[in-house]
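Please read the structure below before turning to the comments.
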Amino acid sequence: MTIGFFCYKIEKMPAYNFKKIEGKWQKIWAKNKYKIWAAFDFSNKPQAKKLKSYVLDMFPYPSGEGLHVGHVEGYTASDITSRFLRMNGYNVLHPMGWDAFGLPAENYAIKTKTHPSKVVARNVKRFKQQLKSLGFSYDWQREINTTDPDYYKWTQWIFIQLFKKGLAYEAELPVNWCVSCKTVLANEEVVDGACDRCQSRVERRNLKQWVLKITAYADRLLEDLDRLDWPERVKEMQRNWIGRSEGRLISFPVDNSQYAIEVFTTKPDTIDGTTYVVLAPEHPAIPYLKAKIKNWQEVAGYIADTENKSERDRIAEAREKTGVELKGVKAVNPYNNEKISVWISDYVLIHYGTGAIMAVPRHDERDKEFATKFNLPIKDVPFVPKEKWIGEKKINYKLRDWIFSRQRYWGEPIPIIKCVKCGNIPVPEEDLPIELPKIKKYEPTGKAESPLAAIKKWVNVKCPQCKGPAKRETNTMPQWAGSNWYHLAYLLGSQKSKGKSQNYWNKKILDHWLPVDIYVGGVEHAVLHLLYARFWHKFLYDIGVVSDKEPFTKLVNQGLILGPDGQKMSKSRGNVVNPDDMVKSFGADSLRLYEMFMGPLEDPKPWDPRGIIGLHRFLNKVWNLIIDRNQMKDSRQSKIPLNLDRLIHQTIKKVTEDIQNFRFNTAISALMILVNEMEKASQLPIAKRQLLIKLLSPFAPHIAQELWQKLGGKNLLDFEEWPKWDEKMIQEEEFDLIIQVNGKFRAALRVKKEISESEAKKLALNNETIKKWLIGKEIKKVIFVPNRLINLIV
RNA sequence: GCCGAGGUGGCGGAAUGGCAGACGCAGUGGACUCAAAAUCCACCGAUCGCAAGGUCAUGAGGGUUCGACUCCCUCCCUCGGCACCA
């Protein structure tokens, strides 16, 4: 019974078959390895001589969960931009790849006893299929994968250059150790004293580590932020993270001793108010002064307590000040020769400044708190004038060097050979890449080495220098290593990456494409990836690989898509929206359109389960409007459409400018208005239908392409020209003159443009509504804004 | 505490000195249908009024202006970041 019924339904109002259409065009686009979206490198082909635009997405970590609606948001925005630029005659580079080293794949491998490379391959396949199902116009010929030995060969090569310049060094340091991941973490990976990835406890351990000297670039990383077209909050986060402050180093001699305690202060003018000195418990002066300290037991106890506290514990204890006086030790204030007491306290941090402070309770809240608790003097003395300031000028940074070793399996091996005689020797370039050996046990050892240490055959090598017995470094690089330079890899990947570096780093190609013109991604990378990548890029600039000081000219952050409950999407909350389900129910075009229509791109916004229906309806409307006008007319004849030609030109302008400014929500709304007006028109010439299709095509490429073909279009829309508007056509001959009395809207009149003040006034005074408002009143003043309003003040 | 972004209908949001609420969702009434779905038409901030129309309304209070969601000051709240950084 239902079948015949169903057929009738279809015949009467054919809904557009998105499943069939999307599959059809995805197949056509895939021809010749997605040749239609290939970017042209430097060549004699005319395509390569066009203006270039490098539109980059933050490449995904191919997790087991598959693509998230948040990915779809950013990737749709960059896809619209890329398609728009192609239609505007640009040679567009829009690539995609996989950031595939790291813990999730390894943890999964441990659990299921599958090699991480297999897990990665499977996830990549799924991600790729999902991205293709959304119609993103990537240049798939340039696909990269950070776990590919041909790729990480060059990650290792860059590390060796850093080592050769003294910017990669080994040091024993107190480091953040995640007890669950069993590895060292970078400072940037520790959030609120816990592991950013697994929220487990982070301990402090002293371990020998590879460290990258990012601090050598602190000033340049800070200064060059000013030239970037990035969201202000991201720049501000980087500025805070770098944390530059100018001050002075001042020495406080220890009374009756050769030793002096050096402090860093940003307020040298307060030195006269210094009433005591505080050292961090880890300060190197303490063992040196041990003989003088009368209460050593107490001091040693406090130091031990501090050592046992994790970062999180120290934060959890809030600001309750603790500390111990070093009895028997006095420091001399070099400004006024006063003898003052010396304390240790964990409110002074060993890794900032000199690990010691001059305490000025009169001008510093923390010092005041401490002084109040321990009954120390709070002197009230005048500021020292600038000409009397003492100490050496010094600039300090919060930024610390980047701890670069991880004690885990699934990462790039650090290409260093440790020789007892020669020390750390870099692997010779011709031996790169140092491939990760396949092993059976990936479990972290819990020690300062990775599981690779157990593979004797791999570890034991000859020293490249003295040919004596030596061992490989067994630590691997952190997740961020591969993503530090992937924006270059897309340019070079088509070159054969085997072979010598001078053949790989093709300057002509790098110079042609760099810098990245538009970079789209989440704000969560503000101080991790985006800082690290800038650091490496600047280093590559210094050694002559690239010609630009900054990698990413413009950065756009897409806002977080929240669950329908307004909360962050998470499996445990059960509020996750799966893009695959949306594609299945409404099609890729509807999903793309909805995510762009939800609100401003950069804003966080909740998912409305009904919202996507509206956009699906809109596409159906477009379909029916263009395919079959006759079925749409009848009941609407009475409506008088606006001047369609004018609206078309206005819409071209609006959509063009909105795409350029990443305001996709209002662009789509303008398209809806146009479609609503076109529906009212009694006829719609092919040319106008084609124009609508073109404007829609970057947003909803599948339906646009199908309709284009149905109207006889032979080309792919990618090779069509973006419509231009005519400024003259936009101008209206008439406008609504607003008539106000005392600044309040009272009436509006349709009048000719360029109407004069006196004419306008006459019209206003003759208006019946206005007359009522003027009864018994005298006009004191008239304000006339040409082509807009007239305001009568009574 | 400091820094940044915000606060507009039932909801997402538009408007950046000139008719507040575009566009969409939800809702109400109607057409079509045996019926439902789909589609189409009309309405859709609050309030007074039979109506014409009026009044109020963009977190709160003040100010500038002929005119303020928009600019300035004070305060409140929300979100994000940083946080014992000397």
Q. List pairs: first in segment A:418-437 and within 28 Å of A:LYS118 (Cα to Cα), second of a type outside the set (A, V, I, L, M) and part of a strand (DSSP E or B), Cβ under 7 Å, 6+ apart or cross-chain?
A. A:ILE434/A:PRO413; A:LEU436/A:PRO413
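Residues are listed down the side, and each one gets a yes or a no for (1) surrounded by 17 or more Cβ atoms within 10 Å (Cβ to Cβ); (2) among the aliphatic types (A, V, I, L, M); (3) touching a residue at least 60 places away in the same chain (Cβ under 8 Å):
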| residue | (1), (2), (3) |
| --- | --- |
| A:ILE357 | yes, yes, yes |
| A:ARG366 | no, no, no |
| A:PHE370 | yes, no, yes |
| A:LYS379 | no, no, yes |
| A:PRO382 | no, no, yes |
| A:LYS388 | no, no, no |
| A:GLU392 | no, no, yes |
| A:TYR397 | yes, no, yes |
Q. Which one of A:LYS327, A:LYS294, A:LYS290 is within 30 Å of A:VAL384 (Cα to Cα), more than 16 Å from RNA strand B (Cβ to nearest atom) and modelled with pLDDT of 90 or more?
A. A:LYS327
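Within segment A:524-574, work out how many residues are outside any strand (DSSP E or B), among the basic types (Lys, Arg) and either at pLDDT 90 or above or touching a helix residue (DSSP H, G or I) at 6+ places or on another chain (Cβ under 6 Å) (or both). It would help to see each step written out before you state the result.
First pass over segment A:524-574, keeping only residues outside any strand (DSSP E or B): A:524-551, A:558-560, A:563-567, A:569-574.
Subsequent filtering for residues that are among the basic types (Lys, Arg) retains A:534, A:538, A:549, A:571, A:573.
After this cut, where a residue has to be either at pLDDT 90 or above or touching a helix residue (DSSP H, G or I) at 6+ places or on another chain (Cβ under 6 Å) (or both) as well, the list is A:534, A:538, A:549.
Qualifying residue count for the region: 3.
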(Q) Of the conditions (1) acidic (Asp, Glu); (2) surrounded by 15 or more Cβ atoms within 10 Å (Cβ to Cβ); (3) more than 13 Å from RNA strand B (Cβ to nearest atom), A:GLU338 satisfies every one except a single condition; which number is it? (A) (2)
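Kindly provide the set of residues from segment A:595-625 that are in a loop (DSSP other than H, G, I, E, B) and of a type in the set (A, V, I, L, M), ordered by number. Quick ask: steps written out before the conclusion?
Taking segment A:595-625 and keeping what is in a loop (DSSP other than H, G, I, E, B), we get A:598-604, A:607-610.
A:MET598, A:LEU601, listed by residue number.
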Q.
Of all residues being near RNA strand B (Cβ under 7 Å from one of its atoms) and of a type outside the set (Val, Ile, Thr) in segment A:341-357, which is nearest to A:VAL254 (Cα to Cα)? Just the residue, please.
A. A:GLY355
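How about segment A:553-570: which of its residues are in contact (Cβ under 8 Å) with a residue 24 or more places away in the chain and either touching a Lys or Arg at 6+ places or on another chain (Cβ under 8 Å) or charged (D, E, K, R) (or both)?
So the first thing to find is which residues in segment A:553-570 are in contact (Cβ under 8 Å) with a residue 24 or more places away in the chain, and the list is A:553-566, A:569.
Listed by number, the residues that qualify are A:LYS554, A:GLY559, A:LEU560, A:ILE561, A:LEU562, A:GLY563, A:ASP565.
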Q: State yes or no: is A:LYS33 of a type in the set (D, E, K, R) and either without any contact (Cβ under 8 Å) to a residue 60 or more places away in the chain or over 21 Å from A:ILE659 (Cα atoms) (or both)?
A: yes
Q: May I ask you to verify whether A:SER251 is away from RNA strand B (no atom under 12 Å from the Cβ), in contact (Cβ under 8 Å) with a residue 60 or more places away in the chain and either surrounded by 14 or more Cβ atoms within 10 Å (Cβ to Cβ) or farther than 15 Å from A:VAL527 by Cβ (or both)?
A: yes
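With the condition being under 20 Å from A:ILE686 (Cα atoms), I'd like the helices (runs of 4 or more DSSP H) fully within segment A:698-794 carrying at least 3 qualifying residues.
The helices (runs of 4 or more DSSP H) meeting that bar are A:701-710.
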Q: Output the residues belonging to segment A:58-112 that are charged (D, E, K, R) and in a helix (DSSP H, G or I).
A: A:GLU73, A:ASP79, A:ARG83, A:ARG86, A:GLU106, A:LYS111
Q. Just checking, how many residues over segment A:539-594 are of a type in the set (Gly, Ala, Ser) and over 21 Å from A:GLY522 (Cα atoms)?
A. 8
Q. Has segment A:205-213 got at least one residue that is in contact with a Ser or Thr (Cβ under 6 Å, 6 or more places away or on another chain), closer than 17 Å to A:GLN407 by Cβ, buried (at least 21 other Cβ atoms within 10 Å of the Cβ) and of a type in the set (A, V, I, L, M, F, W, C)?
A. yes
Q | Qualifying positions in segment A:121-163 - under 21 Å from the mean Cα position of the chain (by Cα) and aliphatic (A, V, I, L, M) | A | A:LEU131, A:ILE144
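Of all the residues that make up segment A:666-697, how many are more than 16 Å from RNA strand B (Cβ to nearest atom) and either small (Gly, Ala, Ser) or part of a helix (DSSP H, G or I) (or both)?
Keep residues of segment A:666-697 that are more than 16 Å from RNA strand B (Cβ to nearest atom), which gives A:683, A:685-691, A:693-694, A:697.
Now restrict to residues that are either small (Gly, Ala, Ser) or part of a helix (DSSP H, G or I) (or both): A:686-691, A:693-694, A:697.
Residues flagged as more than 16 Å from RNA strand B (Cβ to nearest atom) and either small (Gly, Ala, Ser) or part of a helix (DSSP H, G or I) (or both) within segment A:666-697 amount to 9.
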(Q) Conditions first: (1) more than 8 Å from RNA strand B (Cβ to nearest atom); (2) under 21 Å from the mean Cα position of the chain (by Cα); (3) not in a helix (DSSP H, G or I). A:VAL577 passes all but one, so which condition is the exception? (A) (2)
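Return yes when A:THR270 is surrounded by 14 or more Cβ atoms within 10 Å (Cβ to Cβ), modelled with pLDDT under 90 and either of a type outside the set (Val, Ile, Thr) or outside any loop (DSSP other than H, G, I, E, B) (or both) and no when it is not. I'd like the intermediate steps shown before the answer.
On the way: surrounded by 14 or more Cβ atoms within 10 Å (Cβ to Cβ): yes; modelled with pLDDT under 90: no; either of a type outside the set (Val, Ile, Thr) or outside any loop (DSSP other than H, G, I, E, B) (or both): yes.
So A:THR270 does not fit the description; no.
Report, by residue number, each residue of segment A:751-779 that is near RNA strand B (Cβ under 9 Å from one of its atoms) and basic (Lys, Arg). Break it down into steps so the answer makes sense when it comes.
Restricting attention to segment A:751-779, the residues satisfying the condition of being near RNA strand B (Cβ under 9 Å from one of its atoms) are A:769, A:772-773.
If the condition is that a residue be near RNA strand B (Cβ under 9 Å from one of its atoms) and basic (Lys, Arg), then A:LYS772 is the only one that fits.
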Q: Could you grab the pairs with beta carbons closer than 7 Å, sequence gap of 6+ or different chains, first residue in segment A:501-530 and over 22 Å from A:SER547 (Cα atoms), second one among the hydroxyl-bearing types (Ser, Thr, Tyr)?
A: A:VAL520/A:SER78
Q: Quick one: count up the residues across segment A:432-491 that are under 20 Å from A:ILE160 (Cα atoms), part of a loop (DSSP other than H, G, I, E, B) and over 36 Å from the mean Cα position of the chain (by Cα).
A: 5
Q. Within segment A:174-182, can one find any residue that is buried (at least 16 other Cβ atoms within 10 Å of the Cβ) and under 26 Å from A:VAL545 (Cβ atoms)?
A. no
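Which of the residues spanning segment A:720-742 are near RNA strand B (Cβ under 8 Å from one of its atoms) and at pLDDT below 85? Don't jump to the end; show me each part of the working.
Restricting attention to segment A:720-742, the residues satisfying the condition of being near RNA strand B (Cβ under 8 Å from one of its atoms) are A:736, A:738, A:740, A:742.
The one that is near RNA strand B (Cβ under 8 Å from one of its atoms) and at pLDDT below 85: A:ASP736.
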Q.
Being in contact with a strand residue (DSSP E or B) (Cβ under 9 Å, 6 or more places away or on another chain) and not in a loop (DSSP other than H, G, I, E, B) is the filter here; which residues of segment A:278-287 pass it?
A. A:VAL278, A:LEU279, A:ALA285, A:ILE286
Q: Pull up segment A:369-397, narrow it to residues that are farther than 30 Å from A:ALA216 by Cα and touching a strand residue (DSSP E or B) at 6+ places or on another chain (Cβ under 9 Å), then point me to the one that is nearest to RNA strand B (Cβ to nearest atom).
A: A:PHE370
Q.
Yes or no: segment A:203-216 includes at least one residue that is modelled with pLDDT of 90 or more, more than 16 Å from RNA strand B (Cβ to nearest atom) and assigned to a helix (DSSP H, G or I).
A. yes
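The values are calculated or read from the model by the stated rules, or taken from the named source; none is laboratory data. In this text the structure is predicted, and so the values were computed from the model without any measurement. Positions of Cβ are generated from backbone atoms using ideal geometry, with glycine treated the same way; all protein chains shown enter the neighbour counts.
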